[in-house]
Amino acid sequence: TIQAAPDTDVLQFPPGFLWGSATAAYQIEGAAAEGGRTPSIWDTYSHTPGRVLNGDTGDVADDHYHRFREDVALMAQLGLTSYRFSVSWPRITPQVTPDALGPVNPEGVAFYTELVDELLAHGISPSITLYHWDLPQALEDAGGWADRRTAERFGEYAEVVAAALGAKVPLFITLNEPWCSAYLGYASGVHAPGRTEPAAALAAVHHLNLAHGLATAAIRRAAPAARVAITLNLAWVCPEKPDSVLDAEAARRVDGLQNRVFLDPVLHGSYPADVQADTAAVTDWSFVHDGDLDVISAPIDVLGVNYYSPTPVRHWTRERPKENADGHGDGTASPWIACDDVEFPTQHGRKTDMGWSIDPRGLTELLLRVAREAPGLAIMVTENGAAFPDVVDAEGRIVDTERIDYLRTHLAAVHEAIGAGAPVTGYYVWSLLDNFEWAWGYARRFGIVHVDYETQVRTLKDSALFYADVIRRNALPQ
Ligand code: PNW
């Protein structure tokens, strides 16, 4: 007879741990020109030839705008206790200009109200991201995130959403991954709006931080019961040779630009002096006004951490050709400002379909770092997951064993961080559905639920069944 596995083989999660999945408006909604919505920078970018693989756009995406009830039913079937989604700013205030928010669009508010009500009716707790990259195009036309007024209008938009939904929504996340918005949008140009202007990218960093601070104040006013978070894609920076002074210097630079330039103002009310000094030739940082850091450092309730892959770094010397492991240095612009002497060595070993290497230790390390740096602040893993090509068996089942393995090892990493004292209160798989993967269009699939883009039929992958089992047990079976 087979013996039951002893309890010690099971990694139990804390009671009340939130089990979720995450999506973003432009990646799933479609209905780009419906419900009073006006174009965002991602509409413009994806409709510009050569920007997105295969010319894909978010015009239809997963048609979630029309199918959200079916999608919430899927979430309920999986047993999700929370769902993280984003609100599309150009649905809420489609006539926004740099100087005025403009009227609130009742159709936009109605869509998200119906979605929230549907979630609550199924016992699923909504977590709203206010900005997941779909900036109204009219704001970009006036300078976008390089212009301070974008942050001011964002604060007003946040107040509208918080006033409309704050009584029903326990968690508002101001921004998703400002690193991507600033550096991929304004320095390397591989994301919308596709600009390659390092000075604008650093101004964008500050205006995104300011937008977070202004939105935090707005949510406190309009939805005093809600909790406030920001989601950062922090890097687990690994110097190639830990005892090399030059590699350590490369690591400091990358840590500054990706982690500390966002963590320090929010948690400590200051910008890292070394980052300001390193980038002095690019900008004088005069976009930071008196009082801004007080706004930005208003207390938050939760820090959201998105983690996919480690970041190995080393010093680059002109004596050897530079590696292109970050997809840059090949004629396209780099997202790494003032980092000519830094490179990202190619890693060996398993990789996802994005070419991102797999190392769950980074998730444990990042959660523990945040726990040390912000004692007592709750942490959520607001995104973690992997793209892999579909493996379909003879019965048509999607046997995504590699994704299950990725989720299993990363959940074990979260469990380890909790055991070591990190107050992690929830985990969201990226993503619920296959969706518009930005510059990669529909050619990369992150979903635990498969989407057939011809028919819009949704099919649970094996990873969805695995995740449902984890949720049911509130534990990771070994
Ligand atoms: C995140 N990088 O994006 C986003 O929050 C999601 O919308 C996205 O679908 C998911 O991760 C998977 O890509 C990132 O180049 C995009 O380092 C690019 C990078 C990091 C995160």
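Looking across the range 141-186, just one residue is within 19 Å of residue 301 (Cβ to Cβ) and of a type in the set (Lys, Arg), and that is 168. Evaluating residue 367 against the criteria (1) part of a helix (DSSP H, G or I); (2) within 16 Å of the ligand (Cβ to nearest atom); (3) within 23 Å of residue 132 (Cα to Cα) leaves one unmet condition, (2). If you go through the range 372-384 and pick out every residue that is surrounded by fewer than 24 Cβ atoms within 10 Å (Cβ to Cβ) and within 14 Å of the ligand (Cβ to nearest atom), you end up with 1. Scanning the range 202-255 for residues that are touching a residue at least 60 places away in the same chain (Cβ under 8 Å), open to solvent by 30 Å² or more (accessible area, probe 1.4 Å) and more than 16 Å from the ligand (Cβ to nearest atom) yields 214, 217, 220, 221, 222, 227, 239, 240, 241, 246, 249. For beta carbons closer than 8 Å, sequence separation of 6+ or different chains, a first residue in the range 403-431 that is under 13 Å from residue 384 (Cβ atoms) and small (Gly, Ala, Ser) and a second that is in a loop (DSSP other than H, G, I, E, B) and away from the ligand (no atom under 16 Å from the Cβ), the qualifying pairs are 412/360; 413/360; 426/17.
When the residues of the range 439-457 are filtered to those that are open to solvent by 10 Å² or more (accessible area, probe 1.4 Å) and under 23 Å from the mean Cα position of the chain (by Cα), the one that is farthest from the ligand (Cβ to nearest atom) is 450.
For the range 331-364, name all the residues that are charged (D, E, K, R), within 16 Å of the ligand (Cβ to nearest atom) and part of a loop (DSSP other than H, G, I, E, B). Selection gives 353, 359.
Exactly one residue out of 60, 87, 72 is of a type in the set (A, V, I, L, M, F, W, C) and more than 19 Å from residue 446 (Cα to Cα), and it is 87. Applying the criterion of at least 3 residues that are out of contact with any His (no Cβ under 8 Å at 6 or more places or on another chain) to the strands (runs of 3 or more DSSP E) found wholly in the range 413-461 leaves 424-430, 449-451.
The set of residues from the range 6-43 being open to solvent by 60 Å² or more (accessible area, probe 1.4 Å), part of a helix (DSSP H, G or I) and of a type in the set (S, T, N, Q) comprises just one member, 8. Highlighted here are the helices (runs of 4 or more DSSP H) found entirely within the range 92-172 that include at least 2 residues which are within 17 Å of residue 186 (Cβ to Cβ) and either at pLDDT 95 or above or more than 16 Å from the ligand (Cβ to nearest atom) (or both): 137-141, 148-165. Cβ-Cβ distances below 6 Å connect the following pairs, each with a first residue in the range 97-110 that is open to solvent by less than 60 Å² (accessible area, probe 1.4 Å), a second residue that is among the β-branched types (Val, Ile, Thr), and a separation of six or more residues or different chains: 101/93; 102/93; 102/96; 108/92.
The values are calculated or read from the model by the stated rules, or taken from the named source; none is laboratory data. These numbers come from a predicted model, not from an experiment. No Cβ is skipped: glycine too gets one built from the backbone with ideal geometry, and neighbour counts run over all protein chains shown. With ligands, DNA and RNA removed, areas are computed over all heavy atoms of the protein, side chains included. Shrake-Rupley method; radii C 1.70, N 1.55, O 1.52, S 1.80 Å.
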